[in-house]
Amino acid sequence: MKNYLIIITLCACTTIGYGQVLLKPIPDKTVILTFDDGVSTHATYVAPLLKKYNFDATFFVCEFPPDFEDKKKYMSWEQIKELNEQGFEVANHTWKHTHVNRMSPEECNKGLAYIEDKCKSLGIPKTNSFAYPAYDTDDYIIDLLKERGYIFARVGGSRPYDPEVDHPYLIPSYSTTGTDKERVINAIKEAKDGKIVVLTIHGVPDYAHDWVTTPPELFEEYLKYLSENDYHVLALRDLQEYIKVEYALQNLIPDFSKNLKNSN
C-alpha cells in the first residue's frame, strides 16, 4: 500500500478585491480635478478653461474669513450657483474653512449644514463630497459624514487613490501648488494599475493665499497634457460609476496614519 502526501496551498488575500469594492475596473489615466476655497479665479478663469477642454471637476466651497466679501479674492454665491448650472460639482468645504480637528463634532455638523442649506436655497443639489480644510482630520468625522449622507471625502497625502485600500472618506490627493511642473506631471502619470490621481488646486492665481497659487499658464499646460494624452478627467462624484460606495464604507478601515499633511 503506497502512502501519498497531498499538499493543499491556500491563498490568503490581504485586500478586498475587484467584484467587492469595484463595480468595474478603473481605467488607466483616470484623473479627478478638485478646486478648494471658492476663490474668484475658479469662476473667471478656471471654469471657462475646463469647458474649453470638456473636463468635469469638483469645486469645494466655503465662506473663507475674514474677507469672503472681497470678490477680487472669492466667488460670490451667484458665481458658485453658475458653476452648478454649468454642470460642475459644487461640494462642501465647511462654512468657514475651520480645520476639522479644531472643531467639536457639533461645530463641524453646523459647518457642514450651513453649506448644504446655502446650496439648497440657491437650487444647488446637496453634495455627496467633502474636502478637509488644510487636510486635517479627526476620528469623529467618519460617523458624522455617514450621518449626513456623504460618500466621498478628500485629504492630502501626495499619493494616488487606491479604491480597494483607501477608505472613501480618506481619498488622497496631490497639490498643484507652485511652479514644479515635473512634480505634477509625474503625479498625473501615477493614474494606472487601478489607481486614480486626484489633484487639489487652489487659486489660478490665488489672490487670497498666494502661497498656494498655481500659475495660470502652467495650469493650462496641465490641462493640455491631460487632453493630448487622453486622460479621463472627472469630478469626484463620478467615481460612483466605478466604486461600490456602501460596501467600501462598511468594509474598508479608515487609516488616518496615511493622511500625511503634505501640500506638495
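The values are calculated or read from the model by the stated rules, or taken from the named source; none is laboratory data. Keep in mind it's a predicted model, so treat the numbers as computed, not measured. As a convention, Cβ positions derive from the backbone with ideal geometry for all residues, glycine included, and neighbour counts pool all protein chains shown. Just so you know, the surface numbers come from the protein's heavy atoms only, side chains and all, with ligands and any DNA or RNA stripped out. Shrake-Rupley method; radii C 1.70, N 1.55, O 1.52, S 1.80 Å.
Table for the structure above
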read-out	value
Surface accessible to a 1.4 Å probe, per residue, for the residues of segment 19-149, Å²	42 Å²
Value of D in µm² per second that Stokes-Einstein yields for the chain, Kirkwood Rh from Cα pairs, at 37 °C (0.692 mPa s)	172 µm²/s
Computed label-point distance, nm, for sites Glu221 and Tyr207 using a 7 Å Cα→Cβ extension	2.5 nm
Difference of contour (0.36 nm per residue) and Cα-Cα distance, Lys71 to Lys52	4.4 nm
Spin-label pair His99/Asp117, simplified geometry with 7 Å Cα→Cβ offset, distance in nm	2.7 nm
Gain on full stretching of the segment that runs from Asp193 to Glu241 - 0.36 nm per residue minus C-alpha separation	15.5 nm
Helix 105-121 vs. the chain, principal-axis angle (Cα, 0 to 90°, nearest 10)	60 degrees
The chain: calculated mean residue ellipticity at 222 nm from DSSP helix runs of at least 4, using -39500 (n - 2.57)	-7500 deg cm²/dmol
Straight-distance crosslink candidates among lysines, where the alpha carbon sits under 29 Å from Lys258 and sequence neighbours closer than 8 are dropped	Lys24, Lys29, Lys96, Lys110, Lys126, Lys146, Lys181, Lys189, Lys192, Lys195, Lys244
Rounded to 10°, Cα long-axis angle of helix 216-228 versus longest principal axis of the chain	40 degrees
Area of Ser104 that stays accessible when all protein chains are in place (1.4 Å probe, Å², to 10)	40 Å²
Accessible-area composition of the chain, carbon plus sulfur, in percent [1.4 Å probe]	50 percent
Two-site label geometry, Asp28 and Ile185: point separation in nm, points 7 Å out along Cα→Cβ	1.8 nm
